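Have a look at the structure below before the remarks.
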Amino acid sequence: MSSDVRLTVVIGPHEYTGQLAAGMIPLRGYDVEFLDISPIIAAFRRMVRQLEFNICELAPTTYLAAREAGVEITALPVFLTREFHFTNIVCGAGSGIEKPADLEGRRVGVRAYTVSTGVWARSLLRTEYGVDPNAITWVVDDEEHVASYPLPPNVTRAPQGTSVASLFLAGELDAAFTGPAGIGRSGPPRAGWDQAGDDPSGRAHYPLFDNPAELERSYYQRTGIYPLHGLVAVKRAVADGNPGLGRLLLESFEAAKQPFLNRLRSGTPGTGPDFAHYGAMRSIVGDDPLPYGLDANRPSIDALLDAAVDQRILRSRPAVEDLFIA
C-alpha cells in the first residue's frame, strides 16, 4: 500500500483511543491526520452533509438515517461510547408523571428526534414498559444531522428563539432529556454549546426512574442489550479503494483500547471521566465494557435496528452484515 494514501480522521477525546490519535499505533501504509473538532457532534453533521472526512466517529442512528438518505458511507463495528438510558429523562414538578406510561399524551423535549439517546430511551419505553412513543409529542430545538430526514407527525419544533432547556424551565414541557440530548445545551453543536443553555435547575424536577442502577443491571441480564453509540464511519469510496483498511482499523482500535482495559483491571485510574464510567459498566457487562466486532454486539445492533424501524427513522430493516466492514 502506497504511503501516499492520506486519511483525515475525527474521533472524540476518549482515553481508550488516545494512543491511536497520538500516532503511537501507526496505520501502516497511510498518512493519517487526526482532526480535533469540538463538540464531536459537530463533526457528525459535517460528515453526513459534506462527507468532509475520510473516517469519522458518528452517532449510530445518524449513520442509519444517512445511509437511507443515500450518503455514501459504511462503518466499522467499533462502538466508542456505551451507556444505558434509565437516567436520561427528567420530569417537571407538577407534571403528575409517576410512571413511564404517564408520558403518553405529554410533551417531551429532546435535541433532535434521531439523536441516539432519544432512540434508545424510546426503545426502552416501548419494550420494557409498553409505552407507545408515537403517543408522545416530541419537541426538538435543533436540526437533524441528516437534513433531508422527514420528521414524523408527532414531532414539533420549538418556537424560534426558544430551546428545550428554556421551554422546560418555563413549564411548557412535561419532561425532557438531560445532557447533550436535551436540556444540557442550547442550539446547534458549536464550541461551548453545553454552557449555552438556560439552566433548568431553576425548575424543580425529578428523574423518571429512581433506581437506574438496578434497572440497568436487570435489563442487561435479561436482554444482553448494551446500548451502543459512536460508531466509526468510513467514506464508501475510501473503504472500497483500500481493501484491508477496515481490518487494519479494527485491529488498531483494539490495540489502543488495551492499556485502558489494563488500567480498569488493575484499578489504576485514568486521567478523565472514562475510567469511572466504564468501571461501573464493567460491573454490569463484564471484563471488557467496550466490546468491538459484530458477534459481541449483535443483540444491541438488532435492538437498534428494530427501534429505528419502529420509530420511523428507517423505512425497512437492513441486514446487519450490509452495514459494516471488517
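Charging the Cβ of each Asp and Glu at -1 and of each Lys and Arg at +1, and nothing else, the dipole of the chain about its Cα centre rounds to 180 debye.
Each of residue 266 and residue 240 was given a label point 7 Å from its Cα along the Cα-to-Cβ line. The distance between the two points is 4.6 nm. For the range 110-137 and the range 207-233, compute the distance between their C-alpha centroids and round to whole Å. When both Cα centres are located, 14 Å separates them. Is the shape of the range 219-326 rounded, prolate or oblate, going by the alpha carbon gyration tensor and its root eigenvalues a ≥ b ≥ c, with a/c under 1.5 for rounded and a/b larger than b/c for prolate? Here the range 219-326 falls in the oblate category.
Rounded to the nearest 500, the helix-only mean residue ellipticity at 222 nm of the chain stands at -11000 deg cm²/dmol, with each DSSP H run of n ≥ 4 adding -39,500 (n - 2.57).
Pairs of alpha-carbon atoms within less than 8 angstrom and 6+ residues apart define the contacts here; what relative contact order does the chain have, in percent? That works out to 26 percent.
Normalised by the number of residues in the range 89-219, the mean separation of alpha-carbon contacts (under 8 Å, six or more apart) gives a relative contact order of 33 percent. DSSP finds beta bridges in the chain, and of those with both partners inside it, around 55 percent are antiparallel. Here the spin labels are modelled as points 7 Å beyond Cα on the Cα-Cβ line, and at residue 102 and residue 296 they lie 4.0 nm apart. Only one residue of 163, 207, 40 has its Cα farthest out toward the positive end of the dipole of the chain, where Lys and Arg carry +1 and Asp and Glu -1 on Cβ, and that residue is 40.
Whole-percent P(r), the range 89-219, all Cα pairs, 10 Å bins from 0: 13, 47, 33, 7, 0. Summary of the geometry: the range 290-326 and the range 1-72, compared by the centres of their Cα atoms, lie 20 Å apart.
Here the contact order of the range 1-99, divided by its residue count and restricted to Cα pairs under 8 Å and six or more residues apart, works out to 27 percent. Our estimate of slack between residue 129 and residue 160, defined as 0.36 nm per intervening residue step minus the Cα-Cα distance, is 7.8 nm. Between residue 282 and residue 38, the simple spin-label model (points 7 angstrom out along Cα→Cβ) gives 2.7 nm.
FYI, it's all coordinate maths here, none of it is from the lab. This structure is a prediction, so every number in the text was calculated from the model and none was measured. When we count neighbours, we look across all protein chains shown, and the Cβ atoms used for this are built from the backbone with ideal geometry, even at glycine.
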